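To start, the structure itself, in structure tokens.
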Amino acid sequence: MTTPTAGRGRPGGGRAALAFLSPLVLIYLVFFGYGFWFLIRTSFTRVSLSFTDAVSVGLDNYRLLWESDTFRHAVLNNLLFAAISIAAALTLAYFIAYAVSAGLRPKRLMYVLFLVPSLMPLSLVSTVFGSMLQERFGVLNETLRSVGLGSLASPWLTDPGLAFGVVAVLFCYLIGLPVMYYTADLSAVPTEVVEAGLLDGAGTFRIMRSIVYPMMTSTHITVVLSLLLGSFRSLEVVLFSTGGGPAGHTEIVGTFLYRFSTDPGPRTGFVASAAVVVLLIAFVISVVQMFLTRPRSGGRR
């Protein structure tokens, strides 16, 4: 038997929730809301980093941005690095998570190799990675020379093709977060499904590929969109490894914004317009993620 107030909220619950949320909303409006408004307003001006003597230029900054081959190349590199990291996450990260969940013996080694670096500051990981690949006195080249393979020592960070490959490998290496996503969702896989596959004679690899992997659809979507969105926030990965070089071959949006914002001259409005475009791209990706990962009817995703 239900009471007349069953299913209804507690009296004053809405006001209490609003009272708890109001400080957070106020902070958001002051810091983020004002920041977005200031960024958008600045994108329509020609002004230096001192923000004095601003001159309104309308849409000129956006026109220059549209005509900028460097910016288009940076966006393309962002998407390419994101695609590479997504491919690594959907294959290697899933395999690592499955192996760890299945009780693979070197479990701690897997965590040290892939999870710990992802939990450390990206600037530190990228700096160490970059220093190891220095042409002179880098650990990799010095090791090759010490074992008689000096012919394989290469300018890893100054050759355009090699530098792009270095950044791509670094993006693939930082897949600790997808590993945690898969590990968490693998623990919720019904054991009956796996047992049924074993009874039908399926091997471990077949169960991992044909039974469990298709059940991870919502996790795949989360991994893809989070890595795509995260690629636009990966300034440290490139800045502290190759610096966007050589000659801009590894430039991404983050290093593009950093380079132009630190250059002298009235370029702050141009940088602001590029930041607005990046924010719009991130906003679209976030909306798509919210739409694809929202709970379906009946509690299913």
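None of the figures in this text is laboratory data; all of them are computed from the coordinates on show. Source: prediction; values computed, not measured. Positions of Cβ are generated from backbone atoms using ideal geometry, with glycine treated the same way; all protein chains shown enter the neighbour counts.
What to note about this one:
- Full-extension gain in nm, Leu144 to Phe20, via 0.36 nm per residue minus C-alpha separation: 38.7 nm
- With neighbours defined as other Cβ atoms within 10 Å of a residue's Cβ, the residues Ile285, Ile27 order from fewest to most as Ile27, Ile285.
- Per-peptide packing, taken as the mean over residues of other Cβ atoms within 10 Å, places 205-216, 83-94, 160-171 in the sequence 83-94, 160-171, 205-216 from highest down.
- Cut-off under 5 Å, modelled amide H: who pairs with Arg46 long-range: Val55, Ser56, Val57
- Panel order for Glu195, Glu251, by other beta carbons found within 10 Å of each beta carbon, from fewest to most: Glu195, Glu251.
- If you take the Cα centroid of region 226-301 and the Cα centroid of region 32-89, the two points sit 10 Å apart.
- Modelled this way, with points 7 Å down the Cα-to-C-beta line, the labels at Ser56 and Ala87 are 4.9 nm from one another.
- A Förster radius of 25 Å, combined with the Cβ-Cβ distance separating Leu152 from Met120, puts the computed FRET efficiency at roughly 0.30.
- Least to most buried among Leu113, Leu65 (fewest other Cβ within 10 Å first): Leu113, Leu65
- For the chain, the relative contact order works out to 29 percent when only alpha carbon pairs closer than 8 Å and six or more residues apart are counted.
- Using a cutoff of 8 angstrom between alpha carbon atoms and counting only pairs six or more residues apart, the relative contact order for region 157-301 works out to 29 percent.
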